[in-house]
Amino acid sequence: MTSGTDAVPGDALADVDYLSRSANRVAILDALADGPATRRELAERTDVSRATLDRIVNEFEERGWAKRQADGEYAATAAGTHVVREFRPFVESVAAVNRLGEAVGWLPTDELDIGLHEFSDATVRRPVNDDPVEAVEYMTDLLRESDEFRTLNHLIPPGTFERALHDQVLSGDLTVEAVTTREVVDHLRRTPDRRERWRDLVEAGVSIFYRDPPIPCNLMLFDELVLIKRSDTGPIDDSYGVPIVSESEAVLSWAHDLIDEHRTDAVRVDAGALAEAGAASGEQ
């Protein structure tokens, strides 16, 4: 059994420490992993001074991360290539954690089959003066500019957003697919204005599904833009007003897959179910 002090090999930590203490080292090793180059070409690629570059390349040779080839060019060894390819995602993951702060806890850990480094572009969009109305307006504007909207969530849609969605669908400018909970569908059915609006939407081709909780996160896809909101019960500024925003292709693909997964065993709601007054019903 290993203890807390010897669970991680010290020599590996030393290598991580060595590489992490200089952005120049990372840039040069990355460049070497991209393909062979002379020292002059490396200096041009990385914008590192020749004296600094020569010292670092020599250190890489001593560590077995780079080697000089017969033609005088330098290239990363297999070891050097693996080190830098694994190192960059780790650094980007730490950067994502730092950027998201407490919001990183909104990501559904058990459902997250991509690395945190894929969220390196993500931001937390907090409204000015913590006004949740601003976030609703932001999402509504996104909706009006989108061709496709998909969502997996357990939130009652704000009225302004819902009305815009209704108008965009009925004008033929938007396709919609929603996976939500039985409770949300029951709420829509119990509210006359909402019931009529959602019956119009279903008759116009909107696909709405319900399933029993838990739904792992509140996820909204506006074309290629992904919004993630906290899933636990919290203040309105968190539940409605503060999304994580990402345009990463990997995050978008993961989000589509997560919606597909939770749609698989969900119940599809038909227009007739929205016109009745009992519990939500539909067809598989």
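The values are calculated or read from the model by the stated rules, or taken from the named source; none is laboratory data. All values reported here derive from a predicted model rather than from experimental measurement. Here Cβ is always computed from backbone atoms with ideal geometry, including for glycine, and neighbour counts include all displayed protein chains. Side chains are part of the model used for accessible areas, which takes the heavy atoms of the whole protein and leaves out ligands, DNA and RNA. Shrake-Rupley method; radii C 1.70, N 1.55, O 1.52, S 1.80 Å.
Things to note:
- Distance (nanometres) between label positions extended 7 Å along Cα→Cβ at ASP212 and TYR138: 3.6 nm
- With R₀ set to 45 Å, the beta-carbon distance separating ASP54 from GLU196 gives a calculated FRET efficiency near 0.05.
- The residues of region 76-193 have, on average, 51 Å² of accessible surface per residue, using a 1.4 Å probe with all protein chains present.
- Answer label for semi-axes √(5λ) of the Cα gyration tensor in Å (calculated), chosen among [x] 24, 24, 20; [y] 38, 23, 17; [z] 51, 20, 17: [z]
- For GLU86, the shell of other residues with beta-carbons less than 13 Å away shows a net charge of -1, using +1 for Lys and Arg and -1 for Asp and Glu.
- Solvent-accessible area, 1.4 Å probe, carbon plus sulfur percent, for the chain: 47 percent
- Relative contact order of region 19-157, defined on C-alpha pairs under 8 angstrom at six or more residues apart (%): 17 percent
- Among beta bridges identified by DSSP and lying wholly in the chain, the antiparallel ones come to about 70 percent.
- Difference of contour (0.36 nm per residue) and Cα-Cα distance, GLU203 to ASP186: 4.3 nm
- In the context of the full protein assembly, GLU247 retains an accessible surface of approximately 130 Å², using a probe radius of 1.4 Å and ignoring ligands and nucleic acids.
- Nearest-10 value in Å² for the accessible area of THR140, using the 1.4 Å probe: 0 Å²
- Point-to-point label distance, LEU225-GLU249, nm (Cα→Cβ direction, 7 Å offset): 2.0 nm
- Theoretical FRET efficiency, 1/(1+(r/R0)^6), r = Cβ-Cβ of ALA75 and ARG21, R0 30 Å, to 0.05: 0.80
- The label-point distance for VAL8 and ASP47, in a model that sets each label 7 Å from Cα toward Cβ, rounds to 3.1 nm.
- Under 17 Å from the ALA271 label point (7 Å along Cα→beta-carbon), backbone N, region 173-188: 176
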